Number of protein chains: 2
Amino acid sequence: MAKIVSERADLLPAMAEVFREHGFEGASIALISEKTGLGKGSLYHFFPGGKEEMAGAVLGEIETWFTTHIFAPLQWDADAASAIDRMFRAVIEYFDSGRRVCLVGAFALATSRDRFAKQVHSYFRMWKEALATALVRIGRDKPAAEQLAEEALAVIQGSLVLARALDDRTVFARSMTKLRGRLVRSER
Amino acid sequence: MAKIVSERADLLPAMAEVFREHGFEGASIALISEKTGLGKGSLYHFFPGGKEEMAGAVLGEIETWFTTHIFAPLQWDADAASAIDRMFRAVIEYFDSGRRVCLVGAFALATSRDRFAKQVHSYFRMWKEALATALVRIGRDKPAAEQLAEEALAVIQGSLVLARALDDRTVFARSMTKLRGRLVRSER
DNA sequence: TTTCAATTGTACCATATGGTACATAGTGTA
DNA sequence: TACACTATGTACCATATGGTACAATTGAAA
């Protein structure tokens with residue numbers, strides 16, 4: 001019984017990938033065990049709450065990542081325009097140009113939505129508010145900024161759906177380019 | 001053993017609802033049996049291919065419905081502008097103002113995508129082409145029409161994700177209104 | 001070196017799963 | 001009425017599921 005991992009956080013990326021690819025229901029403990037390289041013993045040691053706690057932890061880490069790399073800059077960086085620009089770069093990289101699904105979005109559509117409603121809700125609310133703030137800071141009035149932020153999130157999520165459905169990753173790149181144009185060009 | 005149903009098609013709406021609410025993996029035969037009111041015997045009588053055939057049939061019916069009520073009018077109706085308008089009305093009603101998920105979109109994100117790739121792909125391709133055709137017929141040039149159609153589908157799908165995530169059905173209505181404006185107003 | 005808590009592997013469990021077999025009951029038709 | 005064929009309910013099966021129990025192993029501190 002060799003000791004392999006001591007940090008629970010080290011497991012999250014692998015687990016996230018499993019949930020992303022198989023959904024909550026489809027991600028079996030056996031599969032998670034395989035992908036993380038940990039047996040059930042360790043898994044339930046780190047996550048006594050079972051699969052639900054695992055998914056919760058993954059959602060938590062995603063929120064942390066987005067907060068650090070996207071939400072906070074949008075909200076607080078001196079140069080809001082550049083923060084928006086960096087948001088697009090980060091999003092394109094994070095979602096691997098549309099090849100990678102948004103776990104939170106997928107959870108929102110599936111049954112898992114009820115179980116993780118709070119975290120799903122929080123993720124999108126934070127993103128929307130941060131983006132709206134940035135848009136205000138580059139000169140939009142508040143109502144327009146909020147509406148535009150909402151629309152931007154929809155386009156991002158929808159493009160991910162479409163990219164996968166059409167199996168065409170140019171879709172995502174194209175959408176992001178056009179969306180960025182609509183956000184930064186003053187007064188639509 | 002009372003005879004209850006004779007038409008296989010009669011089962012599809014109930015089955016569609018189960019798949020929509022629980023996803024492919026989450027829709028157990030027991031649940032489908034309960035919601036359709038049919039025992040396993042009848043279910044496997046009508047769908048010898050099991051769950052996969054059931055989901056396939058549901059996807060087929062959805063495509064038929066959309067073809068009849070949305071795609072065909074967009075493509076062939078004399079008045080393209082009115083067809084676009086009716087598309088929005090039909091979409092809002094079909095998705096119950098955002099309370100109802102798009103089964104095809106949900107399948108696109110989940111594991112089921114691989115299994116039903118062809119049908120998922122076909123649904124979105126048909127919709128995109130039909131909408132692009134209508135946009136050309138109201139005066140857009142072809143490249144702009146195709147880009148705009150793609151974007152429209154993304155907004156629709158993304159708004160459904162967002163509406164569920166934020167648990168706010170005003171999101172969907174708002175998005176549809178704004179989207180319609182962008183599609184019909186000449187030259188953005 | 002002893003001790004002890006943190007890890008880990010394995011065996012196990014109750015249950016739910018998708019699917020099959022088959023006997024039985026209806027139903028239309030000759 | 002007899003017949004064939006379509007539906008239907010039930011019992012059953014192998015397997016996979018999430019989860020538990022627990023003993024064995026480790027590393028670090030005392």
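Highlighted here are the helices (runs of 4 or more DSSP H) found entirely within the range B:1-99 that include at least 2 residues which are within 16 Å of DNA strand D (Cβ to nearest atom) and exposed (fewer than 15 other Cβ atoms within 10 Å of the Cβ): B:29-36, B:40-46, B:50-66.
One line per residue, one yes/no per condition, for (1) within 17 Å of the chain's Cα centre (by Cα); (2) surrounded by fewer than 18 Cβ atoms within 10 Å (Cβ to Cβ); (3) more than 14 Å from A:G158 (Cβ to Cβ); (4) of a type in the set (D, E):
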site	(1), (2), (3), (4)
B:A144	no, yes, yes, no
B:E151	yes, no, no, yes
B:G158	yes, no, no, no
B:R164	yes, no, no, no
B:T170	no, yes, yes, no
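Just one of the listed residues (A:E34, A:E7, A:E25, A:E53) is within 16 Å of DNA strand C (Cβ to nearest atom), more than 28 Å from A:M176 (Cβ to Cβ), of a type in the set (D, E) and touching a helix residue (DSSP H, G or I) at 6+ places or on another chain (Cβ under 7 Å), namely A:E25. Scan the range B:100-126 for residues that are of a type in the set (A, V, I, L, M, F, W, C), under 30 Å from B:S82 (Cα atoms), facing chain A (nearest Cβ under 10 Å) and in a helix (DSSP H, G or I) and the total you get is 6. The set of residues from the range A:172-182 being more than 7 Å from chain B (Cβ to nearest Cβ) and crowded, with 24+ Cβ neighbours inside 10 Å comprises just one member, A:F172.
Taking the criterion of being touching a residue at least 24 places away in the same chain (Cβ under 8 Å) and more than 12 Å from the chain's Cα centre (by Cα), the residues of the range B:99-128 that qualify are B:R99, B:A110, B:T111, B:S112, B:R115, B:F116, B:K128. Residue check: A:A30 meets all listed conditions (1) modelled with pLDDT of 95 or more; (2) at positive phi but one, namely (2).
Evaluate the following for A:E25: is it within 14 Å of chain B (Cβ to nearest Cβ) and more than 18 Å from the chain's Cα centre (by Cα)? Yes: the conditions hold for A:E25.
The values are calculated or read from the model by the stated rules, or taken from the named source; none is laboratory data. Given the structure is predicted, the values throughout are model-derived calculations rather than measurements. Backbone-built Cβ (ideal geometry, glycine too); neighbour counts: all protein chains shown.
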